[in-house]
Amino acid sequence: MKILVQPVKTKIASVQEGNIHDYDSILDYFNNQMAHQDLKKQYHSITFVTTGIEAYNGGQTTMLHLGTLLAHAGYDVYYQSYVPQSRVELENNAEFNYPGYQGTCLEMSELKQHQSDIWVATLWESAYIIKNLLGYKLYFVQDYEPYFYPFGDRFQLAKKTYELGLHMISLGPWCQKMIQQNCQLYSPLEQINFPVDLDRYPHLHRNFSDYPHKKKLKLAVYTKFTSPRRAPINVELILRNCEKILKQHGYQLEISYFGTEKEETFINGKNLGKLTPPQLVNLYHHSDFGIAPSMTNFSLVPFEMMSTGLPFIDFKEGTGRYFIPQNCCFITHFDETELAHLLMQLSQDAVALQKVTTNARQHLHSITWERTFKDILNILTNLPTS
């Protein structure tokens, strides 16, 4: 049995929120000059430029999965850090996030001498870095990153990166829509499928006929304490009030939060901390419903929950409607009364639970990594050449 690699805590956050000195080591890369695309007859090497590799980071896990598939397809794949992190730590966290990953991790000190046919920005900061380098520049857009910040200079710096001439690839339709609506485009903007890894989150047959007898409803809730994109304040408030309403109707709500550092304290429920995939599968299999709000692009978590057969509840205020068909989940507002009534209604409706979770599983089989890989290969094989 393979021993799971233990994560190494990074010193630098994947999304910086301090002052200009966060960028002292990469100041020379910041300017507003348009990217110049250097074309090749053939493209062999591809380098993802990243803020190190942070354990439990969904975006970087997606990067590693994509890079591994490209390595299997014959590309020379690299993961180049532009923040101080040792190769040992990079490799350790890469293995933790995506066991068996393929590709070479490079420390920040190797950035200036490393050469690549294709460079891939993975965060707005890295767009400024790669646009100055020799090679063809791609921008893997996993979120509309101006929304990472209050309206201000980081908001504007992030927004500007979509207008600098990099060839953009949007993960799913929402980012593409936001860029088209809010930015002046001077380069291609393509879209690839937002995938799910069904093998890591196996389906559990549920006897929904047991639900009408339940007086304790177990809720698995994904949020990040310091990330407004995951609506932690809104979720805690409505769940606290929802508990009170359900109690008046004879129900107990057992809430298990995950995705946040273990030392943080929620106003209700239990904080399980950050969980490994096997721990997540165990949680999903032993829960009655799942919640994982997203106010910007999306998260892998809803698909993971749905893959295990867990009935998933989404919020109209979020972006789920761009990724999940209406007949594959249950939809409500950020409103405790609506949510409480929905939970009580669903607990008495085994037919609806079975139908929707079956629909969800069928949908997931149409958005696999195989489809995403075909999307990305189609883009790479049709890059302009010299």
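Miscellaneous remarks
- For the pair ILE20 and ALA350, a Förster radius of 51 Å applied to the C-beta separation gives a FRET efficiency near 0.35, rounded to the nearest 0.05.
- Backbone geometry of the range 273-289 corresponds, through the Karplus equation with coefficients 6.51, -1.76 and 1.60 at θ = phi - 60°, to 3J(HN,Hα) couplings of x, 8, 10, 7, x, x, 5, 5, 4, 4, 5, 4, 5, 9, 10, 9, 9 Hz, x marking Gly and Pro.
- Sparse packing (at most 13 other Cβ atoms within 10 Å of the Cβ) combined with a DSSP loop state is found for the following trypsin sites (Lys or Arg not before Pro) in the range 9-79: LYS9, LYS11, LYS41.
- With every protein chain in place, the range 172-237: carbon and sulfur % of accessible area (1.4 Å): 49 percent
- Calculated FRET efficiency for the pair GLN102/ARG200, C-beta based, R₀ 25 Å, to 0.05: 0.90
- Dipole of the range 4-43, positive end: most advanced residue of LEU27, VAL8, GLN42 [Cβ charges, Cα centre]: GLN42
- Looking at the range 186-240, the trypsin sites (Lys or Arg not before Pro) that sit in a DSSP loop and have at most 12 other Cβ atoms within 10 Å of their own Cβ are LYS215.
- Distance in nm between pseudo-label sites at GLU317 and ILE331 (7 Å out along the Cβ direction from Cα): 1.7 nm
- A simple spin-label model places pseudo-atoms 7 Å from Cα toward Cβ; at ASN382 and GLN156 they are separated by 3.7 nm.
- Entry comment: accessible area of the range 1-74 is 58 Å² per residue, from protein heavy atoms only and a probe of 1.4 Å.
- Calculated log₁₀ intensity ratio I(q)/I(0) where the Debye formula runs over C-alpha points of the chain, q = 0.13, 0.14 Å⁻¹: -1.09, -1.25
- Acute angle (nearest 10 degrees) that the helix 173-182 long axis makes with the longest principal axis of the chain, alpha-carbon atoms: 60 degrees
- Extension gain for MET34 to LYS177 (0.36 nm times residue separation, less C-alpha to C-alpha distance): 49.3 nm.
- Label zone at THR368, where the point sits 7 Å out along the Cα-to-Cβ direction: the range 193-209 residues whose backbone N lies under 20 Å: 193-205
- Equivalent-ellipsoid semi-axes for the range 248-386 (Cα gyration tensor, √(5λ), whole Å, largest first): 31, 19, 15.
- Calculated mean residue ellipticity at 222 nm for the chain: -10000 deg cm²/dmol, from DSSP H runs with n ≥ 4 weighted as -39500 (n - 2.57), summed, divided by the residue count and rounded to 500.
- Label zone at SER209 (point 7 Å along Cα-to-Cβ), backbone N below 16 Å, the range 346-369: 348-355
- Distant-in-sequence amide H partners of TYR139 (H built 1.01 Å from N, under 5 Å): ALA121, HIS167, MET168, ILE169
- Accessible surface, per residue, of the range 166-323 when the full set of protein chains is kept, probe 1.4 Å, Å²: 42 Å²
- A run of the chain free of exposed loop cleavage sites, with chymotrypsin sites (Phe, Trp or Tyr not before Pro) counted only in DSSP states other than H, G, I, E and B and at most 13 other beta carbons within 10 Å, reaches its longest extent at 187-386.
- J(HN,Hα) series, the range 323-338, from Karplus relation 6.51 cos²θ - 1.76 cosθ + 1.60, nearest Hz, glycine and proline x: 10, 10, x, 4, 7, 10, 8, 10, 10, 8, 9, 6, 8, 5, 5, 4
The values are calculated or read from the model by the stated rules, or taken from the named source; none is laboratory data. Predicted, not measured: the structure shown is a model, and the values here were computed from it. Cβ sites come from the backbone with ideal geometry, for glycine too, and all protein chains shown count toward neighbours. We work out accessible area using only protein heavy atoms, side chains counted, and drop any ligands, DNA or RNA first. Shrake-Rupley method; radii C 1.70, N 1.55, O 1.52, S 1.80 Å.
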